[in-house]
1. Using the number of other C-beta atoms within 10 angstrom as an exposure proxy, rank Val57, Val379, Val185 with the fewest first.
2. Pairs Lys152/Lys176; Lys154/Lys199; Lys154/Lys268; Lys190/Lys386; Lys62/Lys455: which are spaced more than 28 Å apart, C-alpha to C-alpha?
3. Using per-residue counts of other Cβ atoms within 10 Å, averaged over each peptide, order 405-413, 40-48, 452-460 from highest down.
4. Quick one: which of 91-97, 12-18, 157-163 comes out on top by average Cβ neighbours within 10 Å, and what's the full order, highest first?
5. As a footprinting exposure proxy, order Asp194, Asp33, Asp241 by other Cβ within 10 Å, with the fewest listed first.
6. So in the chain, what percent of DSSP beta bridges are antiparallel if you round to the nearest 5?
7. What residues from the range 225-248 fall in the zone where the backbone N is under 16 Å from a label point 7 Å along the Cα-to-C-beta line of Glu156?
8. Given only helices, namely DSSP H runs of n ≥ 4 each adding -39500 (n - 2.57), what is the per-residue ellipticity at 222 nm of the chain, to the nearest 500 deg cm²/dmol?
Amino acid sequence: MTQLIFEKSQKGRRGCLLPETGVPEIDFDSIIDSSLLNEEDLLLPEVSELDVMRHFVELSHKNHFIEKGLYPLGSCTMKYNPQINESVCTLPRFKDLHPNSPTSFCQGSLEIMYELQNYLADITGLDSVTLQPAAGAHGELTGMLIVKAYFKKKGENRTKVIVPDSAHGTNPATAKMCGFDVVQVGSNEKGLVDIEELKKAVNNDVAAIMLTNPNTLGLFEENILEISKIMHEAGALLYYDGANLNAIMGIVKPGEMGFDIVHINTHKTLSTPHGGGGPGAGPVAVRKELASFLPVPTVGFNGENFYLNYNHEDSIGKVRSFYGNFGVLLRAYTYILSMGKTGLKQASIDAVLNANYLKEKLKGIYMLPYDSVCMHEFVLSGDKQKEQGVNTLGIAKRLMDSGIHPPTVYFPLIVHEALMVEPTETESKETLDYFVDVMLKIAKEIEENPEAVLKSPLTTPVGKIDEVQAAKKPDLAYKGK
Ligand SMILES: *Cc1c(COP(=O)(O)O)cnc(C)c1O
């Protein structure tokens, strides 16, 4: 049983010993009003440096991470973050740079941000980029605030945003947060946007559609040019949720499909690490007609110097302190440069190949509701296994006992008992085959002995939990030795 770090505490033990300061000691009471001072000592663990290292290394191994095993979490693109990314962003000149440094002191870092803006514009097929947003959902917020400001300036009162029923939950949430009403459009039998339904939903009240392509079923919206025509003819804008950019990078650009605004999840597509929720970055690219609305500052170049450009006359303002998550952006920049144009394209090609390989091996054993060539991910249904006594949650828990992070489950909502699998390009054939073997073994176990499967997970630090009680009454407090 792992101890809490507080339980490892030994009175007087220290991690590091500082030399004598050479100045006389003074009493706190003489400089701070005693009514403001703590009455008791803080409850802090007293441990050595080695105790700390062992404690946190042990804890980290209880978690799952990409360097430990397969992480086929659909829509999340848990690709490997190459070590060169880490080496670059820990260089002292980046790591120790103060964000308030005068621009003449940090031309190199500004140049990197400027180039990254340009690379992202090229990858998305758009014109201008802000690096500020801190995550994909934050990029959505930025993008939809731009939509709002754009129509306000035009003097048009558009109150609605169209979102397909396969959309990620952040899309309707973002539209709503920006004050729009959400209009849902259904999918057809192929899993694509229902064009007839879309046509009926579009009118002069509609400001934008929020779409990801490939969609969350991992299917390419074949009618994307027709969709963009329908929207643009109605005077509306197209917002691209960039979470699935890993399927098309270097092959086709959202700008060419007709999208006007795109966010990029650098932590998905461009390999920066994001297990456990962050940090990330969600740069936003826009068409030149929308550039004046971008958050300030962006990074500009006047032929001689790089500078912070506050000259966006319709700017929605700042969306984050300083200039974005610089360390994360630096990793994305390193990844782009180390891959190059052909490497980025190859990454997408391999991601799509890996997903199709898994899909073909697993269909028939698990149900595949939308059976066509997929992009970088695909969605199985555990309906058959549920009838045999183990639902998708049970399958997910069983996978953990084989050292595999479960796929995304119960999303998208339009597939019953959904299992959304995204292997990414960084996995080898051997690892993919291992996943197939485990999935087939689990399906067989469910046929033969569902009760046994339901006992999983057995190898994790915490076994089967009451999920409702664990969320509603977590027992986290340290109550003292
Ligand atoms: C991950 C994801 C988002 C949100 O991105 P974050 O960076 O997690 O905020 C939005 N849409 C889709 C389809 C996603 O997969």
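Read-outs throughout are calculated quantities, based only on the coordinates presented, and are distinct from any laboratory measurement. Predicted model only: the values in this text are computed from it and were never measured. Here Cβ is always computed from backbone atoms with ideal geometry, including for glycine, and neighbour counts include all displayed protein chains.
1. Numbers: Val57 9, Val379 29, Val185 23.
Ranked by crowding around the Cβ, least crowded first: Val57, Val185, Val379.
2. Numbers: Lys152/Lys176 17 Å; Lys154/Lys199 24 Å; Lys154/Lys268 35 Å; Lys190/Lys386 24 Å; Lys62/Lys455 19 Å.
Going by Cα-Cα distance, Lys154/Lys268 fall outside the 28 Å limit.
3. Working: 405-413: 19.8, 40-48: 10.9, 452-460: 15.2.
Ranking, from highest mean packing down: 405-413, 452-460, 40-48.
4. On the way: 91-97: 11.0, 12-18: 8.4, 157-163: 20.9.
By packing density, highest mean first, the sequence is 157-163, 91-97, 12-18.
5. Details: Asp194 18, Asp33 8, Asp241 29.
Ranked by crowding around the Cβ, least crowded first: Asp33, Asp194, Asp241.
6. Values: 19 of 35 bridges.
Bridges in the chain are about 55 percent antiparallel.
7. It comes to 228-239, nothing else.
8. Details: 16 runs with 176 residues, N = 481.
After summing the helix terms and dividing by residue count, I get -11000 deg cm²/dmol.
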